[in-house]
Amino acid sequence: MNTVTVVGASLAGLYAARELRAQGFDGRLVIVGAEPHLPYDRPPLSKSFLTAADTATARAAYSAPGTGTDAPATSATDGATGPGPGPVPGAGAKSDPTTGNTPTSPAAYESAPTDPLALTDPEEIADLAAEWLLGVHATGLDQHSRAVLLDDGRTVVTDGVVLATGASARRLPGPQPAGVHTLRTLADAHALRADLTRGPRRVVVIGGGFIGAETASSCVALGHDVTVVEAAPLPLLPQLGPDMALFCADLHRKGGAHLLTGTGVAGLHRMAPAAPSGATAPGNPRPGTSGHVTAVELSDGRVLPADVVVVGIGATPNTGWLSGTSLAVGDGVLCDDGCVTSLPQVVAVGDVARVGGVRSEHWTSATEQPRVAVRNLLAARTVEFVTALPYFWSDQYGSRIQFVGHRPADATVRIAEGSPDDGGFLALYEHAGRVTAALAVNCARPFMRTRRELRARQTTAA
Ligand code: FAD
């Protein structure tokens, strides 16, 4: 295999690149990323990034809209200069004839400030010896000519492909008024943070899932008046089951947010557009803010006044660009248990991958799948399966929630240590006389022990 192209320059893509080199692939490695940034960490975006008092995170090379690093990255041949994630020509680096791109130089990052979101560093960038095509979308896979097509008209002829295009935040239908946010990317987080630093606000969070709950918690910590709207009877019901979902509902209430469950959203109210003359139109008391959200209307008729709305209603896998290929797709790229897709020499990892029927949208899966996927890619067949147990964590209202394992719908829950009333406990999910999953709240040690036991049992059973 001479060339491998990783599509998606984020968590799973970076781990795939690392694995390719670690497993001995010494050919040409191309990494295509739609965002203009080197891989950065998303979990802090709903947590510390929103609540941090200083803007150190926002100033660093990965972010700072308007500093040049947020502009679509130029290719090396465009002669971009200075610190930042775009491909920058390095001294003596050779331009690639197919893409016209130059291997990224570690020198380009030497002056970049340390960034708490950064997933990589100049030394690793140098070691990976990859061509980073950032700010570039892959638009198709030509399976006959074995090429990845790019939105700037170029193509990368490749022997192997790692699909790591992740997912995009789902939006409410229709145009999105100002003040309405989703939270998936660094740009999203900057926009939300900017709105939240304009003084006390009425924030409505639509969706009580992990992103919604964490964002609500961060907004409360910032002193905003927060209401969470969840269509299901309890937040996180499908993920955690009724007992633990009830606990999470209490976290909102005890944490200081209002929680409205069992009701959907009928629509958003916005300010009337400003009069063409620039004069204040009736019903628009603040010229210049026309089209700004003013309230959320619920399906039961209630209207919640809002200055800021955060839409946290899930994410859709980024597979649209693969239409037209014979790749099997259905809520993610369909893979076998080893991340191998229906096309030869194409594997998928992370949030975009449906591995063995399950699409796991968690940080740990995106870091564990690449080792197996790359092994199978280099072997040109499935020689290993992903066996890791699903694991995720979430930080809400000062509580760290950790979950591991599989939760059958009819599992029962037993508190094994601590107590929900004390805010710290370990809950075990049991099914057919066996522990199949565990959830801990501020109970890290017992949780890690249980995680090890579950993992050991799974390994023995395999
Ligand atoms: P992504 O991180 O989505 O990256 C995919 C990349 O591919 C993106 O940069 C995208 O722009 C790019 N791309 C898409 N289409 C194309 C294309 N056509 N061409 C080129 N590039 C493309 N998980 C936890 O376990 N715990 C947490 O506490 C937690 N908190 C989170 C908080 C937030 C705000 C978010 C958004 C996620 C959180 N997660 C958490 C989930 C975790 O971050 C994801 O599971 C992880 O980022 C998935 O990595 P990925 O590389 O598969 O996808």
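All of the numbers you see were taken from the coordinates with simple rules; none came from a lab. A quick note: this is a predicted structure, and the numbers were derived from the prediction, not measured. Here the Cβ positions follow ideal geometry from the backbone for every residue, glycine too, while neighbour counts run over all protein chains shown.
Charge dipole (Cα centre; +1 on Lys/Arg Cβ, -1 on Asp/Glu Cβ; no other charges) of region 398-461 amounts to roughly 380 debye. When each of Val180, Val347 is scored by the number of other beta-carbon atoms lying within 10 Å, the sequence from fewest to most is Val180, Val347. Can you give the Kirkwood hydrodynamic radius of region 398-461 from its Cα pairs, in Å with one decimal? One decimal place: 11.8 Å for the Kirkwood radius.
Between Ser168 and Asp422, the simple spin-label model (points 7 angstrom out along Cα→Cβ) gives 4.8 nm. Placing unit charges on the Cβ atoms of the charged side chains and taking the dipole of region 171-311 about its Cα centre, the candidate lying farthest along the positive direction among Val180, Gly301, Ala245 is Val180. Express the Stokes-Einstein translational diffusion coefficient of region 113-194 in µm² s⁻¹, to the nearest whole number, given a Kirkwood radius over alpha-carbon pairs, 20 °C and a viscosity of 1.002 mPa s. The estimated diffusion coefficient comes to 131 µm²/s. Sequentially through region 396-405, phi angles give Karplus couplings (6.51, -1.76, 1.60; θ = phi - 60°) of 9, 6, x, 10, 9, 9, 10, 9, 9, x Hz, Gly and Pro residues having no value and appearing as x.
Using alpha carbons only, the radius of gyration of region 175-231 set against its Kirkwood radius gives Rg/Rh = 0.92. Measuring r between the beta carbons of Glu123 and Ser145 and using R0 = 41 Å, the FRET efficiency lands at 0.70. The convex hull around the C-alpha trace of region 171-311, projected and averaged over every direction, spans 8.9 square nanometres. From least to most packed, judged by other beta carbons within 10 angstrom and beginning with the fewest, Arg449, Arg371 follow the order Arg449, Arg371. Between region 310-375 and region 1-58, the C-alpha centres lie 16 angstrom from each other.
If you take all other residues with their beta carbon under 10 Å from the beta carbon of Leu259, and give Lys and Arg +1 and Asp and Glu -1, the sum is -1.
Charged side chains reduced to their Cβ positions (Lys and Arg at +1, Asp and Glu at -1) give region 171-311 a dipole of some 360 debye around its Cα centre.
Ranked by how many other Cβ atoms sit within 10 Å of their own Cβ, fewest first, the residues Met271, Met244, Met1 fall in the order Met1, Met271, Met244.
The value for region 305-355 of Rg(Cα) / (2.2 N^0.38 Å) is 1.53. A simple rule links phi to the HN-Hα coupling: the Karplus curve 6.51 cos²θ - 1.76 cosθ + 1.60 with θ = phi - 60°, which for region 347-362 gives 10, 9, 9, x, 4, 7, 8, 9, 9, x, x, 10, 9, 9, 9, 10 Hz, with x for Gly and Pro. The protection proxy used here, the mean number of other Cβ atoms lying within 10 Å of each residue, ranks peptides 223-231, 29-37, 324-332 as follows, highest first: 29-37, 223-231, 324-332.
For region 332-462, a/c is not less than 1.5, where a ≥ b ≥ c are the root eigenvalues of the C-alpha gyration tensor, and a/b tops b/c. That puts it in the prolate class.
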